[in-house]
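Written out below as structure tokens is the structure these notes cover.
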Amino acid sequence: MAKINTAEVRKINKKSILRYLIKNTEATKPQIAVDLKLSVPTVGAIVDELVEEGLLENVGMQASSGGRKAAIYRVIRDSVHACGIEISQSHVIFVIVNTCGEIVASERISKPFADGKEYIDSIEEYREDFVQRSGVDPQTITGIGISVQGLINADQTCFSSHMLDNQRKIRIYPLTDRYPYIYLNDGTASCMSECYANQEERDFVYLMLSRTVGGAIVQNGVIWQGTDSFAGEFGHMRIHPGDDKVCYCGGKGHAWCYLSSDRLEEVCDGPYWEFFDKLKEGDTACREFFSTFLDDLALLVYNIRMMNNSDIVLGGYLGRHLGPYLPELEQRIQKQDHLYTESTTRILTGQYDLEAAGVGAARYFIEQYIQSL
Ligand SMILES: [Zn+2]
């Protein structure tokens, strides 16, 4: 193993201390030292440096029944921000997140997608006004993550998508020269919202269930993209060979045909959240459809689990709505999966629904900022 020098160790410790305070809200230097297994002088010097850089603040002294009182520190939440933009066929979601990755502002507008510079210019114009309305200091914005429903070329010049009926390859136009920006696949962006949420380097699979169905595979907190960057495109896994339902990619029997939020909206003739309202009220058509939906989801989850023996997070628009139905889903998986009873892996729901892709895209730049410390 390659040796790392003192300066590199200090950088690693600095990131760990900032991540620790993002996760734990506030702590004293001795507490941080104990929890991160570092010496108090090391923690002391780094915390002082983070205070000087405007990332941490002293918020008082610890109550003590005797001995020396220690100062309490916490992250200055509005020291750094990033913007996220989720572009889809019919609407655009704008979010701003702070140093801790929390949403400080979000707006959703109806806007049909169009290929062209004018469309992107109007998005950027709206974003600037949105930042101004939010009261966030534009100087604190570190970058803009843009999520699109499609596979993005490695050189960020175009993406393949179903957002336009008559066109598969869509050109990427420059957004702005004021901030760094990046285009991200919606499944990858949504997964990032979960990846960075707990400040932990864990293994999991993110299954995005939105208008599109996709996801990402995370190992040690890092998204594994695969050779051609389409690892985790679970929406295109064939779960019903022989069925004639056609996916937007042209394939038949793909998971997207059965698990897209569009299917729920077709059944309830309204937005997907109304589907879950009707389901709770006992609507017959919704209940019948949902039984098939859970069987199809169980099959997909079973297949994913066989490839990746790790927790599976159900995210995207539908993820959080599925929380009450997890026991039922697990029962259906058990019917297919004889290894299930011995597995310690869990099925969880995502922490964000509507804003998942926008939050993840924005958090990309917060993470870049932490990495650059
Ligand atoms: Zn497909």
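Every number in this text was worked out from the coordinates using simple rules, so none of it is lab data. Please read these numbers as outputs of a predicted model, since none were measured by experiment. Glycine gets a Cβ as well: all are built from the backbone with ideal geometry, and neighbour counts include every protein chain shown.
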Against the 2.2 N^0.38 Å rule of thumb, the C-alpha Rg of the range 200-349 sits at a ratio of 1.03
In debye to the nearest 20, the charge dipole size for the chain, taken about the Cα centre with +1 at each Lys and Arg Cβ and -1 at each Asp and Glu Cβ, equals 1180
At q = 0.10, 0.11, 0.20, 0.22 Å⁻¹, what log₁₀ I(q)/I(0) does a Debye calculation on the Cα points of the range 162-282 give, no solvent, two decimals? -0.42, -0.50, -1.22, -1.27
Once you have the alpha carbon radius of gyration of the chain, what is it after dividing by 2.2 N^0.38 Å, with N set to its residue count? 1.08
Give the residue from Ile370, Phe276, Ala197 lying farthest towards the positive end of the charge dipole for the chain; charges sit on Cβ (+1 for Lys and Arg, -1 for Asp and Glu) and the dipole is referred to the Cα centre. Ile370
Residue among Ile170, Pro41, Gly145 farthest towards the positive dipole end of the chain, charges placed on Cβ: Pro41
Options Ser106, Gly60, Tyr317, ranked by Cα towards positive dipole end of the chain, top entry (Cβ charges): Gly60
Relative contact order %, the range 237-336, counting alpha carbon pairs below 8 Å whose residues are six or more apart: 21
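Give the order of Glu266, Glu274 when sorted by the count of other beta carbons within 10 angstrom, beginning with the fewest.
Details: Glu266 11, Glu274 15.
So the residues, fewest neighbours to most, are Glu266, Glu274.
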I need to check one value: relative contact order of the chain, counting alpha carbon pairs closer than 8 Å and at least 6 residues apart, in percent. 17
Divide by every residue of the chain the summed helix terms, -39500 (n - 2.57) for each DSSP H run of at least 4, and state the resulting mean residue ellipticity at 222 nm, rounded to the nearest 500 deg cm²/dmol. -12000 deg cm²/dmol
Centroid-to-centroid separation of the range 277-298 and the range 223-260 [C-alpha atoms, Å]: 22
Those lysines that a straight Cα-Cα span of less than 16 Å connects to Lys37, excepting residues fewer than 8 apart in one chain: Lys11, Lys14, Lys15, Lys29
Which value, in debye to the nearest 20, describes the size of the charge dipole of the range 6-75 about its Cα centre when Lys and Arg Cβ atoms bear +1, Asp and Glu Cβ atoms bear -1, and nothing else is charged? 240
What length, rounded to one decimal in nm, is gained on full extension from Tyr173 through to Gln139, with 0.36 nm per residue of separation minus their alpha-carbon distance? 9.9 nm
How big is the charge dipole of the range 200-349 about its Cα centre, in debye rounded to the nearest 20, if each Lys and Arg gets +1 on its Cβ and each Asp and Glu gets -1 on its Cβ? 160
